[in-house]
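The values are calculated or read from the model by the stated rules, or taken from the named source; none is laboratory data. On a predicted model such as this, the values are computed, not experimentally measured, just so you know. Because the Cβ atoms are built from the backbone with ideal geometry, glycine has one as well, and the counts that use them run over all protein chains shown. In case anyone asks, the SASA skips ligands and DNA or RNA and just uses the protein heavy atoms, side chains included. Shrake-Rupley method; radii C 1.70, N 1.55, O 1.52, S 1.80 Å.
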Amino acid sequence: RYEPSWGSLDARPLPAWFDEAKFGVFIHWGVFSVPSFGSEWFWWYWQKEKREPYVKFMDANYPPGFSYEDFGPLFTAEFFDPNQWADILKASGAKYVVLTSKHHEGFTLWGSNYSWNWNAVDVGPKRDLVAELATSVRNRTDLHFGLYHSLFEWFNPLFLEDATNAFKTRKFPTSKSLPELYEIVTKYQPEIIWSDGDGNAPDTYWNSTGFLAWLYNDSPVRDTVVTNDRWGAGSICTHGGFYTCSDRYNPGHLLPHKWENCMTIDRSSWGYRRDARLRDYLAIEDLVKQLAETVSCGGNLLMNIGPTHDGRIAVVFEERLRQVGAWLKVNGEAIYGTKPWRAQNDTVTPGVWYTFSPKEGKVNAIFLNWPVSGILELGEPRANLGETQVKLAGYKELLKWVALGEKGMVIALPQLTPQQLPCQWGWTLQLTDIN
């Protein structure tokens, strides 16, 4: 049994499925999807920081005295079809999904007993959005279902009172945040608890270690659940299950601890933005690059989309997810279930990232640029004449190669028309019998 101490909790082995999965989809959805302007931090930027674009937007478009709470009934989700969402998630090739059950605004996407009249069952859609998506994902896909939960809430009076008392009082966690966590785990049995938003309060204020000890010892998901590292000021990148370290974290080198790169397809927001331009969205080439870099360095990629207030996954997000899925259909062996190799990227040719498939004993070299010469030089592999074989994922014939002394090899790529290429953005060489 795990003790409610970081020493004990951090010693828990991470359930194996998480490292094997490699790729998940993050979904930021909530009342902030109604203004869908600027950022999911809309309420804070408008009311607390009084940032000019947000104040102007409200003055120009809403009557005087309109409050953030007035957006609640406008969060309608009339087009939310959880089966359609599940099918898109499946088509993306993701192995897990993380939905924002509650962001810093405090609005819960389920009918929480601890969020009276500020939840999706009492206000807005009048539906349990968490339950509906969980059911569809479990019925239609093999994805692991996870939930994001914000510990703090920007404007909750109980939290503000505790903060004024320098967190010596604990009214908010005991009456709101912790009961919600127990509620979502018991009710929906998520296999990821993605905690966030410590409000600068220490983990002792949140009683994070007490909750995690229950989660790992006695909860219905104790054997399979994974957690992140955002459990109070100072815990990030130090304590918990996998490390996130910061948003869009992509170190470019191997880390000694399992980590996750959580990032957004929209470069500047996690929630949906009606004011986004096409250039604000990462292209599929960018996403394949992020995936290859992240996995080669031992991380998982958690790629975020923001649905609309009426429950649609915008077509641009759907296209990106389906493109990643199409890429993984060809190159998935270089991603799923792999381990980091002795080298993460190539020393001679930039834009080449390595992974290792332990079951097949294969080294995978993912290269992001197809060389004009048709010749790819790799500085890292040590090839053996008569033994080493080189394949291009999605292409039948073996490729010809020449060793370069002690280390390195030159590979002749097949001469293919663009239509004949196994995929359009990033390719995988599978090397067997490499020292």
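Normalised by the number of residues in segment 196-353, the mean separation of alpha-carbon contacts (under 8 Å, six or more apart) gives a relative contact order of 17 percent. Segment 101-166 and segment 3-72 have their alpha-carbon centroids 11 Å apart. A protection proxy built from the mean count of other Cβ atoms within 10 Å ranks the segments 370-380, 268-278, 306-316, most packed first, as 306-316, 268-278, 370-380.
Derived scalar couplings between HN and Hα for segment 152-169 equal 9, 9, 3, 10, 5, x, 5, 5, 5, 5, 4, 5, 4, 8, 6, 6, 6, 9 Hz in order, rounded to whole Hz, by the Karplus curve 6.51 cos²θ - 1.76 cosθ + 1.60 (θ = phi - 60°), x for Gly and Pro. Entry note: the chain has Rg to Rh equal to 1.01, where both radii use alpha-carbon atoms and Rh is the Kirkwood radius.
Where only protein heavy atoms count, and the probe is 1.4 Å, what is the accessible area per residue for segment 184-333 in Å²?
So segment 184-333 comes to 35 Å² accessible per residue, rounded to a whole number.
Relative to the longest principal axis of the chain, what angle (0 to 90°, nearest 10) does the C-alpha long axis of helix 129-140 take? Computed tilt is about 30 degrees.
As a fraction of the 1.4 Å probe accessible area of segment 6-334, surface on carbon and sulfur atoms comes out at 51 percent. Shown in residue order for segment 213-220 are the 3J(HN,Hα) couplings computed by the Karplus curve 6.51 cos²θ - 1.76 cosθ + 1.60 at θ = phi - 60°: 4, 4, 4, 7, 9, 10, 6, x Hz (x for Gly and Pro). In the chain, the longest principal axis of the Cα atoms and the axis of helix 52-61 are about 60 degrees apart.
Where the alpha-carbon atoms of segment 192-344 are placed on the principal axes, they occupy 44, 44, 29 Å, in descending order.
Computed on segment 339-432, with alpha-carbon pairs under 8 angstrom and 6+ residues apart, the relative contact order is 30 percent.
The angle between the Cα long axis of helix 315-331 and the main principal axis of the chain comes to about 40°, on a 0 to 90 degree scale.
Our compactness index for segment 288-420, the C-alpha radius of gyration over the empirical 2.2 N^0.38 Å, is 1.20.
For the residues CYS245, CYS237, a 1.4 Å probe over the protein chains yields an accessible-area ranking, largest first, of CYS237, CYS245. For segment 232-283, the normalised intensity computed at q = 0.15, 0.23, 0.31 Å⁻¹ comes to -0.55, -0.88, -1.21 (log10 of I(q)/I(0), Debye sum over alpha carbons, equal scatterers, no solvent).
Taking all Cα pairs closer than 8 Å and separated by 6 or more residues, the relative contact order of the chain comes to 17 percent.
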